[in-house]
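Reading through the structure tokens given below for one structure.
The values are calculated or read from the model by the stated rules, or taken from the named source; none is laboratory data. Since we're looking at a predicted model, the values are computed, not measured. When we count neighbours, we look across all protein chains shown, and the Cβ atoms used for this are built from the backbone with ideal geometry, even at glycine. When the accessible area is computed, the model is the full protein with side chains, heavy atoms only, and any ligands, DNA or RNA have been set aside. Shrake-Rupley method; radii C 1.70, N 1.55, O 1.52, S 1.80 Å.
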Amino acid sequence: MPVNWKKFKDTIAHYENFVLTSHIRPDCDALGSELGMAEVLRAVGKKVRIINAHDTPPGLQFLDPAGNIEVLRRHVEAEDIQTDCIMVLDTSAWAQLGAMAQVVEETRADKLIVDHHLGEDDMGALLFKDTSAEATGHLVVQAADALGVPLTKKMAMPLYAAIATDTGWFRFSSTSADTYRCIARLVDAGASPTEIYGDLYERDTLGRVKLRGRILSRTTAELGGRLVYTWVLAEDFEKTGALPSDTEDAINLTLAIAGTDAAVIMIEQLKGGFKLSFRSRCEMNCNDVARVFGGGGHKAAAGAFIEGNIESVKEKVLPVVMEMMK
């Protein structure tokens, strides 16, 4: 359902101070939406802080050159966060908030959610959600329109990155004519596609390249090539000099294999367990697969977390995916 933007505008008017937060292991849509929304709210006279549970990945720090994003327990303690309203962007799941979940749960402030993912937990928040949107960044552009805020370059750069990355640089089926109309407005406002693409994809470290080599070397096909999967072990980061954030978008490399309908990547976390990412370009619903393991997302892309070693994880995850692909 489309967002009720009149209700959003009326709701925003009630508050003076906002804290924005998003999911752990933040990607471009999370960070770009936070940064864009912060500028939109400041344009209507609000005071805004962005506080996340995880650091901004090194490869995405170009989105926040002024260093406005704070990290819980590094820059601020939970008990020191005072605000009228907490706005959660790009997730509706408690598990995705990490250490910020306790802050959101225990706050006396009102709570809003702006998101485009399927499914949600009961956070006691007002929902402003559109699961047909290709990115939360697009919803932030609509929020600016609802509040009568002209787009500026400080908004346009992170929001362009948010939409471009969540659509696979406009390759995914979620891309629509409205996507391009929105993107054109962001370019008119000052977003530079060349600069953003360069910062995202043409600043690889040697460690990231070596890690991708390991990921590709492990790629395995099942179901006659319709399903491909691969994995990353915690030891790979030390051996290649890569960072955990260097696995971002790695799953999309496997989708380049002809005949692939679905892909899975299993990434061991430094504290144990595996982050699961699913992609589909067939009838398999990734959100349904992820929910089996307590996660969620979209039909074409979703994620979850599971405990265990790589062999036990493969034994649990792959049969579920194969069954869903039937």
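Things to note:
- Enumeration of residues in the range 228-257 that are assigned to a strand (DSSP E or B) and either touching a residue at least 60 places away in the same chain (Cβ under 8 Å) or open to solvent by 20 Å² or more (accessible area, probe 1.4 Å) (or both): TYR229, TRP231
- The range 59-97 - residue that is in contact with a Phe, Trp or Tyr (Cβ under 8 Å, 6 or more places away or on another chain) and open to solvent by 50 Å² or more (accessible area, probe 1.4 Å) and, of those, nearest to LYS153 (Cα to Cα): ASP84
- Of the listed requirements (1) open to solvent by 10 Å² or more (accessible area, probe 1.4 Å); (2) out of contact with any Lys or Arg (no Cβ under 8 Å at 6 or more places or on another chain), ASP55 misses just one: (2).
- Answer residue from the range 181-197, given it is over 20 Å from the mean Cα position of the chain (by Cα) and assigned to a helix (DSSP H, G or I) and is surrounded by the most Cβ atoms within 10 Å (Cβ to Cβ) among those: ARG185
- Of the set (1) over 24 Å from VAL317 (Cβ atoms); (2) open to solvent by less than 80 Å² (accessible area, probe 1.4 Å); (3) at pLDDT 95 or above, all apply to ASP204 but (3).
For every residue, the table says whether it meets (1) open to solvent by less than 10 Å² (accessible area, probe 1.4 Å); (2) modelled with pLDDT of 95 or more; (3) not small (Gly, Ala, Ser).
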| position | (1), (2), (3) |
| --- | --- |
| HIS14 | no, yes, yes |
| LEU20 | yes, yes, yes |
| CYS28 | yes, yes, yes |
| SER33 | yes, yes, no |
| GLY36 | yes, yes, no |
| VAL40 | yes, yes, yes |
| GLY45 | no, yes, no |
| ILE51 | yes, yes, yes |
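For every residue, the table says whether it meets (1) in contact (Cβ under 8 Å) with a residue 60 or more places away in the chain; (2) touching a Pro at 6+ places or on another chain (Cβ under 6 Å); (3) open to solvent by 20 Å² or more (accessible area, probe 1.4 Å).
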site	(1), (2), (3)
GLU106	no, no, yes
ILE113	no, no, no
GLU120	no, no, yes
LEU127	no, no, yes
THR152	yes, no, yes
